[in-house]
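First up is the structure itself, then whatever we jot down about it.
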Amino acid sequence: MIQINLFVGSRYPINRKQLRATAERVLKEHKIERAQIDISVVGSRKIKKLNESELKHDGTTDVLSFPQHEKKQLDDFPLPEGIPPHLGDVVISFPMAVQTARRYGKLVDDQLSFYLEHGMLHLLGYHHE
């Protein structure tokens, strides 16, 4: 069972269906059949605050990932029946997606999906190094 929890701040006009489909695709491509993930689309102040308080980086950013635990540990935690293990949280900056989409001539929803996939790869243990 895949459970995708989507939280959108400030009534941002996003394609929720596209974001859910992106999350499901990434999980299936990595052969994950049981997981839940929290996705938040937030404004500049919120992502700046998270970036500075949680990661100790100055300023705003486009996407943040907060893994709950390692991918290989997903089934190691006993949970009530029907509750998939929590993979982690991905937080996406809507204003940054708008800015980047404009710069590259993309749709904002496509840029949000790109950021989501990037963030999910971090949750799955892939890093920039």
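For the chain, lysine pairs with C-alpha atoms less than 25 angstrom apart, excluding pairs fewer than eight positions apart on the same chain, total 14. Principal-axis analysis of the Cα atoms of the chain puts helix 108-123 at an angle of about 40° to the longest axis.
Amide H contacts under 5 Å for Gln36: Gln3, His86, Leu87, restricted to partners 5 or more places along the chain or on a different chain, H placed in the peptide plane at 1.01 Å from N. Remark on Val8: its backbone amide H falls under 5 Å from those of Val41, a criterion applied only to residues 5 or more positions apart or on other chains, H modelled at 1.01 Å from N.
Between Asp58, Asp110, Asp89, the GNM of the chain built on Cα springs shorter than 10 angstrom shows Asp58 fluctuating the most.
Taking each DSSP H run with n ≥ 4 as -39500 (n - 2.57) and averaging over every residue of the chain yields -13000 deg cm²/dmol at 222 nm. What fraction, in whole percent, of alpha-carbon pairs in the chain exceed 27 Å separation? Percent of Cα pairs beyond 27 Å in the chain: 18.
Since every read-out is calculated from the coordinates, none of them should be taken as a lab result. This one's a predicted model, so the numbers in the text were calculated from it and none came from an experiment.
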